[in-house]
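Q: The structure's right below; bear with me while I get my questions together.
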Amino acid sequence: MSSQGRRPPPDLMEKTAVVAAQQNAMERGCKFLPHGSRLFDVEQGWESITISRDKNTAVADTLLTLESALRDPDNKVIFIPAGALMTYQDIEKLCQRNAIVKTLFREVKKS
Amino acid sequence: MTTKNTKPATKAPVNDNHLLKTKIVDLITDEKFQLGYARKILGEDATEAAVKTEAARRVEAARQIAAQLEKPLGTSTRPYPMWGSQRVEYNGQTNLEQVLSVIADDSNPMKVYSERPYKEVVALTYCDMPVPSMLPLFFDGLERRKPDSTNRTQMMIGDPGAGKSFMGGLQGRIRSKQSVEVFDCGGKNMNELLFEMVLDFGAGDALPKAIDKRLQAGSLQALSIAKLKQLPSEAVSTDSEGNLQSIDWNYFKGNAKPEQVEAAFQVMKDVSQIEGLDHAGGNALGMNSQYGPLIKWFIEGREGVLDEYNKSKEGSDNALQTVWQFLNGEINTCTVENPLKNKDLTNGPSSFTFRREDMQAGFFVTLTGNKTEDGLTTRSLNKSVYSRLSPQTLPDPTEADWQHRICQMMVGMPVSTLYSVFKDQADANPKEFGEWLMTLRREKAAIEGVPVPELQETLLENWKNVVNASEKLAKFYNAWAGMTDAENLMTSGNTDLIEEVDEEYSKKEGIDFRKIKQHLEEAIPIRPKMQPVESEIQIDFKNFTKQPALAEKEYENPSVAFGTRLVDFLDRMVYEKTEAVGKHKLYEKLSTAMNNFGLRDIVLQDGAHSGQKSVEEDLNVTVYDSPDLTKKSEAARKVFCEYLRQMDPEILEKDDDKIITIDRLRKALKAVGEKNTAETKELFVVNRDHETLGNFPLASARIEDAATYPADKTDADFTLADIVSYEDFMASLALPTVGAKNLGAIWDANIRPLAETPAADGSKANEPDEALDMAEGRSQQGLATTTLRVLFKDAQGEERDISVHVVLNQSRDKALVVGEKLPSKLAQAFKEAGITHVDRHGVNAKAKVEAALNELTRGMPDSVKDHLADAFKYRNDVDQNNHQKLAALLVDDKIDMLLGKYVVKNKRLAM
């Protein structure tokens, strides 16, 4: 491709980056949460930044915001930052009492 | 026509987004019902004509809304799997049997009343389908949710982890995008379902938010932290050192017991004072009684699940009896009083009246309960509750249920059940069936908001493997469940385990659907692997405290060794849960079951490897196995272009399409795939000539075997420059189709005439020689080894021919290649191709070769390695006194070939 070639629109690039980041995180396996939700770990870095900045992703750093994101029918993807005030058991508990299918990405420190 | 003395006609509320909020009376299309209802709303004074007009209008409005809500399933073109009793004929006799069939009835289909678009309903009902034995309950649940159904409850009793609350939640999710609230009844007073005491944090939850913020910043006062830790353990999480991690504030807004709310109120008052928040949000703190979940769900017209109902406080559901009568349709109104009103100065409603005509289409209550055998906290329900809620008991899971759930966990949909009911069509047109599965899975992924994980996509492309593997796994899990069910050991043929499996062990280690979930969670991620115990490892003592420099990270497709990871994990679990804790008999039985059900290897009675695949083999899938040539071509192009760029840094082109088109590569792969290289002995290598590679990505090569030269011939017919380079040969092995065809082309019978010693009578002896068979690639055991010579340029730039050893397990399509360092871009492709490459000069090379040989000869007698070593010696010059093991011989670069097999370029470009 020549350097003068048409650049893809920024929206498409962002979308592609989000999908790539999600796919990378999903490859590392998941925790099956109650009622069909899944929790994927995403390493701190470009992947976590890309997912968290996506306009279709709700960011939840406390249990109040997590439950509100779970209850919002417009949210499909929820991002939990590394410093969030919640344990895995908390996430499991909230998914148990809100039967809905969501995809959760939890930021973890790089291994 | 207008009439006098009539009240204005009521309009059915139609909200396109929330059609389930429509009152049920506005959804009933029965004319008789609407005539009666029209009379009721227009009053006794209304004329007959007005009533009829209003009734007709209401029927029409109801039809319109119902048409939007109704999503038919189980029609002739959308058949839906169903489990049930049918008379089945055997030898002229009919017996009633439980069978898996379909509902396919255009006149009376199943109906889901849903706000979701049809494609979402279909994706959820097919992908998240309950296990076969629960399908009748699922169907019953749909029937009870129809607008004209007056029973708005369903109660299910079953073992923990059977999927009861999941099914309640699923019914709600199919109907609406709203979440379904699940209320845990365990240990609670059931009056709280009607009225509950809650903490009121004021508008916007200012106080909890302020505390969370300080907790996150680490700025909460120590005294506050100490106070907050006094909140009930259900609402507070701490780490292993007792540090406060999180507070579940919503617990106090609808889940806590009244005494917990009262205690929390005091704690919060103190904390808001300590933190100085009582002048801000803290002053809004209060306690209120409010409608409990049952009333809230009724008012909001939504679904709810009352989980573990029979673990609630004994006798606490007495006040609910009339409510159950209302919910099951026995009565049409029911008023309940609030016992909490004015208690401890709390505010709240004094009563609530449930009225049939106020009920909305979305309202439904699922109750779940555990079998009474499940622990002391589970109680037997009152006779009146049984009579009013008519609990349905879930059957024990069948093999089909295990398989169904395993498939859902692995690929996100029950491929086995779908295959079972649509078998004829799937077998006749596997591609179309596979595409249908993928469409449904992608539709579900759209609901989940993310793409289908690559592992699931690869497995779904190989759906037959998933069906085969899940069938064996289901049999294994079913057997495992039987062996660990203390209660039924006598009837499940496991009497011999009575001493080892007791009630306690059953509770702890018994197998249920949750265990499968845990096992798959462990098997999916790629984790560091332990080296075999006898491996020789070289530790760097001198620089041990310095951070090591890691080799370039090799990407590994998670599906390539998914089967291996899963079976390894099961192997380990079986050992750890049995033999390691002194349960020897159980271990033996489970190990036998693993073998019998073909988890690792399927070995025939004579020790030969069966043509049928094991679970491990079926689930180790790669795009290289894909029947889709375009996918293979895409994978081939990635390898091809990355290899070219690595070998030739002058290539700056980033667009693969500018180097070689998919179409061109597909044609080349198709042509190679059609060749019978085992017969033609033709090889194909990467063409690196810039001018021609775009049209001819592959160049032709052949093997020049010194064994075929006359004894007096001293010079070869080719020069060093004619020999194919090591890297190009390796790249060819890394390409889909090409690699397999090349590995098929390198076998010959050229040594045999030289090896056979004449018998005393002068004839050639013809005794069986397994090693020679292996050297020729025609051993019955499927093992083979040979050596090839290729051109290698060393670090000093000096060119010479070197040996590349190949050990092949033809039955399992696995190979070991021992040579020099591999171009890094080929490493991933080798894994995809099922080839283990070992750099003979690399760290721990011998241990790696040994591990690979163990893997290739797994399940075979030890003697096969000796035969392989002998086969190696047919081509390689190994001193008679050299008794080293094969692994050591393979990494020894001092060993020359006796009769070289050179990979030589042909003059022509191949394709």
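Yes/no matrix, rows are residues, columns are (1) more than 8 Å from chain B (Cβ to nearest Cβ); (2) modelled with pLDDT under 95:
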position	(1), (2)
A:1	no, yes
A:18	yes, yes
A:27	no, yes
A:39	yes, no
A:46	yes, yes
A:57	yes, no
A:66	yes, no
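Q: Among B:613, B:681, B:675, which is of a type outside the set (Val, Ile, Thr), in contact (Cβ under 8 Å) with a residue 40 or more places away in the chain, outside the structural domain of residue B:737 (by TED's automatic domain parsing) and surrounded by fewer than 23 Cβ atoms within 10 Å (Cβ to Cβ)? Step through it out loud before you land on a result.
A: On the way: B:681 fails: outside the structural domain of residue B:737 (by TED's automatic domain parsing); B:675 fails: outside the structural domain of residue B:737 (by TED's automatic domain parsing).
So the residue among B:613, B:681, B:675 that is of a type outside the set (Val, Ile, Thr), in contact (Cβ under 8 Å) with a residue 40 or more places away in the chain, outside the structural domain of residue B:737 (by TED's automatic domain parsing) and surrounded by fewer than 23 Cβ atoms within 10 Å (Cβ to Cβ) is B:613.
Q: Residue B:198 is checked against (1) β-branched (Val, Ile, Thr); (2) in contact with a helix residue (DSSP H, G or I) (Cβ under 7 Å, 6 or more places away or on another chain); (3) more than 26 Å from residue B:185 (Cβ to Cβ) and fails just one. What number does that condition carry?
A: So the condition that residue B:198 fails would be (3).
Q: What pairs come out if I take residues in region B:26-40 that are of a type outside the set (Asp, Glu) and pair them with residues that are assigned to a loop (DSSP other than H, G, I, E, B) whose C-beta lies under 6 Å away, six or more apart or interchain?
A: These pairs meet every condition: B:27/B:147; B:27/B:361; B:28/B:147; B:28/B:148.
Q: Tell me the residue from A:103, A:50 that is more than 23 Å from residue B:243 (Cβ to Cβ), more than 9 Å from every other protein chain (Cβ to nearest Cβ) and of a type in the set (Ser, Thr, Tyr), please. Spell out how you get there, then give the answer.
A: On the way: A:103 fails: more than 9 Å from every other protein chain (Cβ to nearest Cβ).
Going through A:103, A:50 in turn, the sole match is A:50.
Q: For region B:472-491, indicate whether the set of residues that are touching a residue at least 60 places away in the same chain (Cβ under 8 Å), surrounded by fewer than 18 Cβ atoms within 10 Å (Cβ to Cβ), in the same structural domain as residue B:413 (by TED's automatic domain parsing) and not hydroxyl-bearing (Ser, Thr, Tyr) is non-empty.
A: Yes, the conditions are met somewhere in region B:472-491.
Q: For region B:419-452, what are the residues that are under 29 Å from residue A:73 (Cα atoms), hydrophobic (A, V, I, L, M, F, W, C), away from every other protein chain (no Cβ under 14 Å) and more than 16 Å from the chain's Cα centre (by Cα)?
A: B:436
Q: Next question, about the same structure. Please verify whether region B:115-122 includes one or more residues that are without any contact (Cβ under 8 Å) to a residue 24 or more places away in the chain and within 14 Å of chain A (Cβ to nearest Cβ). Working first, answer last.
A: As a first pass, look at region B:115-122 and keep what is without any contact (Cβ under 8 Å) to a residue 24 or more places away in the chain: B:117.
If we keep only those that are within 14 Å of chain A (Cβ to nearest Cβ) as well, we get B:117.
For region B:115-122, residues without any contact (Cβ under 8 Å) to a residue 24 or more places away in the chain and within 14 Å of chain A (Cβ to nearest Cβ): present.
Q: Checking the condition at pLDDT below 90, over 28 Å from residue B:526 (Cα atoms), crowded, with 17+ Cβ neighbours inside 10 Å and more than 14 Å from chain A (Cβ to nearest Cβ), which residue from B:644, B:693, B:629, B:604 passes? Give the derivation first.
A: Numbers: B:644 fails: at pLDDT below 90; B:629 fails: over 28 Å from residue B:526 (Cα atoms); B:604 fails: crowded, with 17+ Cβ neighbours inside 10 Å.
None of the other options fit; the residue is B:693.
Q: Does any residue of region B:371-386 turn out to be surrounded by 17 or more Cβ atoms within 10 Å (Cβ to Cβ), touching a helix residue (DSSP H, G or I) at 6+ places or on another chain (Cβ under 9 Å), part of a helix (DSSP H, G or I) and away from every other protein chain (no Cβ under 14 Å)?
A: Yes, region B:371-386 contains a residue that is surrounded by 17 or more Cβ atoms within 10 Å (Cβ to Cβ), touching a helix residue (DSSP H, G or I) at 6+ places or on another chain (Cβ under 9 Å), part of a helix (DSSP H, G or I) and away from every other protein chain (no Cβ under 14 Å).
Q: Suppose we filter region B:708-724 for residues that are crowded, with 19+ Cβ neighbours inside 10 Å and either outside any loop (DSSP other than H, G, I, E, B) or out of contact with any Lys or Arg (no Cβ under 8 Å at 6 or more places or on another chain) (or both); how many remain?
A: So in region B:708-724, the residues crowded, with 19+ Cβ neighbours inside 10 Å come out as B:723-724.
Now drop any that are not either outside any loop (DSSP other than H, G, I, E, B) or out of contact with any Lys or Arg (no Cβ under 8 Å at 6 or more places or on another chain) (or both), which leaves B:723.
Residues that pass the stated criteria total 1.
Q: Just to confirm my filter: which helices (runs of 4 or more DSSP H) fall fully inside region A:30-111 and include at least 2 residues that are farther than 24 Å from residue B:236 by Cα?
A: Values: elements: A:46-53, A:63-71, A:88-97.
Result: A:46-53.
Q: With the condition kept exactly as written, say whether any residue in region B:822-833 is assigned by TED's automatic domain parsing to the domain that holds residue B:851, under 27 Å from residue B:877 (Cβ atoms), surrounded by 17 or more Cβ atoms within 10 Å (Cβ to Cβ) and not hydrophobic (A, V, I, L, M, F, W, C).
A: First, the residues of region B:822-833 that are assigned by TED's automatic domain parsing to the domain that holds residue B:851: B:822-833.
When the remaining residues are screened for being under 27 Å from residue B:877 (Cβ atoms), the result is B:822.
With surrounded by 17 or more Cβ atoms within 10 Å (Cβ to Cβ) added as a condition, the list becomes B:822.
Then drop every residue that is not not hydrophobic (A, V, I, L, M, F, W, C), which leaves none.
Among the residues of region B:822-833, not one is assigned by TED's automatic domain parsing to the domain that holds residue B:851, under 27 Å from residue B:877 (Cβ atoms), surrounded by 17 or more Cβ atoms within 10 Å (Cβ to Cβ) and not hydrophobic (A, V, I, L, M, F, W, C), which makes the answer no.
Q: In addition: From B:158, B:92, B:74, which residue is of a type in the set (Gly, Ala, Ser) and surrounded by fewer than 16 Cβ atoms within 10 Å (Cβ to Cβ)? Even if it seems obvious, please write down each step before you answer.
A: Details: B:158 fails: surrounded by fewer than 16 Cβ atoms within 10 Å (Cβ to Cβ); B:74 fails: surrounded by fewer than 16 Cβ atoms within 10 Å (Cβ to Cβ).
Being of a type in the set (Gly, Ala, Ser) and surrounded by fewer than 16 Cβ atoms within 10 Å (Cβ to Cβ) holds for just one of B:158, B:92, B:74, which is B:92.
Q: Another question about this same structure. Would you mind telling me which numbered condition in (1) buried (at least 16 other Cβ atoms within 10 Å of the Cβ); (2) closer than 27 Å to residue B:168 by Cβ; (3) in contact with a Lys or Arg (Cβ under 6 Å, 6 or more places away or on another chain) residue B:352 fails?
A: Of (1) buried (at least 16 other Cβ atoms within 10 Å of the Cβ); (2) closer than 27 Å to residue B:168 by Cβ; (3) in contact with a Lys or Arg (Cβ under 6 Å, 6 or more places away or on another chain), only one is false for residue B:352: (3).
Q: Here is a follow-up. Among the residues of region B:86-109, are any at positive phi and more than 26 Å from the chain's Cα centre (by Cα)?
A: We begin by selecting, within region B:86-109, every residue at positive phi; these are B:91-92.
Next, only the ones that are more than 26 Å from the chain's Cα centre (by Cα) stay: B:91-92.
Yes, region B:86-109 contains a residue that is at positive phi and more than 26 Å from the chain's Cα centre (by Cα).
Q: Does region B:271-281 include one or more residues that are part of a helix (DSSP H, G or I), in the same structural domain as residue B:358 (by TED's automatic domain parsing) and buried (at least 22 other Cβ atoms within 10 Å of the Cβ)?
A: no
Q: Right, another one. What pairs can you find where one residue is in region B:251-267 and within 14 Å of chain A (Cβ to nearest Cβ) and free of Cβ contacts under 8 Å to residues at least 24 places away in the same chain, the other is surrounded by 19 or more Cβ atoms within 10 Å (Cβ to Cβ) and of a type outside the set (Asp, Glu), and their Cβ atoms are less than 6 Å apart, with a gap of 6+ or different chains?
A: Hits for this filter: B:251/B:235.
Q: Which one is surrounded by the fewest Cβ atoms within 10 Å (Cβ to Cβ) among residues in region B:417-458 that are outside any helix (DSSP H, G or I) and touching a strand residue (DSSP E or B) at 6+ places or on another chain (Cβ under 7 Å)? Full working, then the answer.
A: Residues of region B:417-458 that are outside any helix (DSSP H, G or I), as a first pass: B:422, B:429, B:449-453.
Remaining after also requiring touching a strand residue (DSSP E or B) at 6+ places or on another chain (Cβ under 7 Å): B:449-450.
Working: B:449: 17, B:450: 23.
That would be B:449.
Q: Which of the residues spanning region B:855-911 are within 29 Å of residue B:567 (Cβ to Cβ) and charged (D, E, K, R)?
A: If the condition is that a residue be within 29 Å of residue B:567 (Cβ to Cβ) and charged (D, E, K, R), then B:855, B:858, B:862, B:865, B:866, B:885 are the ones that fit.
Q: Just one of (1) outside any loop (DSSP other than H, G, I, E, B); (2) modelled with pLDDT of 90 or more; (3) within 12 Å of chain A (Cβ to nearest Cβ) trips up residue B:224, so point out which.
A: Every condition holds for residue B:224 apart from (3).
Q: Residue under question is residue B:182, and the condition is that it be modelled with pLDDT of 90 or more, touching a Gly at 6+ places or on another chain (Cβ under 9 Å), within 11 Å of chain A (Cβ to nearest Cβ) and not in a helix (DSSP H, G or I); does it hold?
A: Values: modelled with pLDDT of 90 or more: yes; touching a Gly at 6+ places or on another chain (Cβ under 9 Å): yes; within 11 Å of chain A (Cβ to nearest Cβ): yes; not in a helix (DSSP H, G or I): yes.
Against the criterion (modelled with pLDDT of 90 or more, touching a Gly at 6+ places or on another chain (Cβ under 9 Å), within 11 Å of chain A (Cβ to nearest Cβ) and not in a helix (DSSP H, G or I)), residue B:182 qualifies.
Q: In region B:142-171, how many residues are within 14 Å of another protein chain (Cβ to nearest Cβ) and closer than 20 Å to residue B:361 by Cα? Even if it seems obvious, please write down each step before you answer.
A: Within region B:142-171, the first condition is being within 14 Å of another protein chain (Cβ to nearest Cβ), and the residues that meet it are B:160-171.
Among the residues that remain, those that are also closer than 20 Å to residue B:361 by Cα are: B:167-171.
Residues flagged as within 14 Å of another protein chain (Cβ to nearest Cβ) and closer than 20 Å to residue B:361 by Cα within region B:142-171 amount to 5.
Q: Go through the residues of region B:180-198 one by one and say whether even a single one is within 22 Å of residue B:22 (Cα to Cα) and crowded, with 21+ Cβ neighbours inside 10 Å.
A: Yes, because at least one residue in region B:180-198 is within 22 Å of residue B:22 (Cα to Cα) and crowded, with 21+ Cβ neighbours inside 10 Å.
Q: Would you please name the residue that is surrounded by the fewest Cβ atoms within 10 Å (Cβ to Cβ), looking only at residues in region B:199-220 that are in a loop (DSSP other than H, G, I, E, B) and within 13 Å of another protein chain (Cβ to nearest Cβ)? Show your work before the answer.
A: Residues of region B:199-220 that are in a loop (DSSP other than H, G, I, E, B), as a first pass: B:201-202, B:218-220.
Within this subset, residues satisfying the condition of being within 13 Å of another protein chain (Cβ to nearest Cβ) are B:201, B:218, B:220.
Details: B:201: 23, B:218: 6, B:220: 21.
If we take residues in region B:199-220 being in a loop (DSSP other than H, G, I, E, B) and within 13 Å of another protein chain (Cβ to nearest Cβ), then B:218 is surrounded by the fewest Cβ atoms within 10 Å (Cβ to Cβ).
The values are calculated or read from the model by the stated rules, or taken from the named source; none is laboratory data. Because the structure is a prediction, the values reported are computed rather than measured. Cβ: placed from backbone, ideal geometry, glycine included. Neighbour counts: every protein chain shown.
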